[in-house]
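Since every read-out is calculated from the coordinates, none of them should be taken as a lab result. Predicted model, so just to flag it, every value in this text is computed and none were measured. Neighbour counts are summed over all protein chains in view; Cβ atoms, including those assigned to glycine, are modelled from backbone coordinates with ideal geometry.
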Amino acid sequence: MFFYIDGHVRVYHGEKANLPKRFVSREKLCLSGTAEFWVNDQQGLPLMVVTGELNEKLKAAIEEIIPKIQEEITLPSKPTEPAFTIVVDREAYESAWFIKLWEQHRVAVITYRKNVKDKWDSSLFYNIETQIYNTNVTMQLCEMGTQLNGHWFREIRRLSENGHQTSVLTTHPELSLPETAVKMFSRWAQENFFKYMIADFDFDRMIEYGTEPVNQKRVFMGLHIVQNMRHLFNMFFSKCEEVLF
């Protein structure tokens with residue numbers, strides 16, 4: 001089983017709530033709003049949605065979603081076969097976290113690799129004919145093993161006509177090379193779902209004007225980052241004062 005998981009920002013234009021700002025890719029702006037995390041099937045059809053709390057990130061939402069999916073499925077009997085596989089974008093990228101999902105939940109991940117600086121020899125790529133949503137496509141693909149932070153991953157790259165190499169990382173131990181590429185590059189089906197719902201069903205319309213209190217004791221991941229940055233800035237300015245005065 002394969003699930004596409006991605007966040008969608010519902011922009012807030014009201015005045016009752018002071019919501020944090022988020023980057024809205026479709027607007028190319030940082031705007032106040034709430035984040036919803038959608039789970040779509042292989043055809044891009046919606047299965048589940050989870051509303052994030054304030055500055056909740058995609059990884060935290062996925063960890064909340066996984067038990068909900070596990071309640072509805074039967075685990076495969078084969079120990080090397082994943083319970084299910086999630087396909088996500090770079091927002092959830094963290095190699096150690098991918099290993100954690102496999103070891104704790106037997107959940108495999110397919111995603112784009114970040115910060116790729118090397119290039120593979122173009123002679124290693126070969127043409128593979130496959131289908132993406134009933135459309136025949138030919139892709140130049142290559143697979144190698146790669147080590148990130150002490151963990152081994154399967155890395156698949158697609159060579160474009162202009163020489164660009166798109167890198168895909170996965171923890172799925174058995175999925176074939178063509179199938180891995182197809183699952184990753186079919187992720188636009190979920191993007192099309194968002195675009196279609198916004199254009200034809202007023203997807204972002206506010207459905208109520210109520211407000212809910214926030215748990216004041218909950219610790220959010222962004223807080224320690226802000227505190228660390230403040231500490232670093234204070235150290236920096238102290239050093240500048242020592243040099244200048």
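With neighbours defined as other Cβ atoms within 10 Å of a residue's Cβ, the residues I69, I128, I5 order from fewest to most as I128, I69, I5. Highest-first packing order for the peptide set 35-43, 60-68 is 35-43, 60-68, based on the mean count of other beta carbon atoms within 10 Å.
Can you pick out the pairs among K59/K114; K68/K195; K59/K119; K119/K183 whose Cα atoms lie more than 21 Å from each other?
K68/K195; K59/K119; K119/K183
Here the simple spin-label model places points 7 Å from the Cα toward Cβ, and for Y126 and Q104 these points are separated by 4.0 nm. 3J(HN,Hα) along the stretch 177-188, derived from phi through the Karplus expression 6.51 cos²θ - 1.76 cosθ + 1.60 where θ = phi - 60°, amounts to 4, x, 5, 4, 5, 4, 4, 5, 7, 8, 5, 4 Hz, with x in place of Gly and Pro. Packing, as the average of other Cβ atoms within 10 Å across residues, places the peptides 137-149, 81-93 in the order 81-93, 137-149, highest first. Each residue of the stretch 69-83 is assigned a 3J(HN,Hα), and the resulting list reads 5, 4, 5, 9, 10, 10, 5, x, 6, 6, x, 8, 8, x, 4 Hz, derived from the Karplus form 6.51 cos²θ - 1.76 cosθ + 1.60 (θ = phi - 60°), x at Gly and Pro. Across the stretch 90-98, rounded Karplus estimates of 3J(HN,Hα) from the backbone phi angles (6.51 cos²θ - 1.76 cosθ + 1.60, θ = phi - 60°) give 5, 4, 9, 6, 6, 4, 5, 5, 4 Hz, Gly and Pro being marked x.
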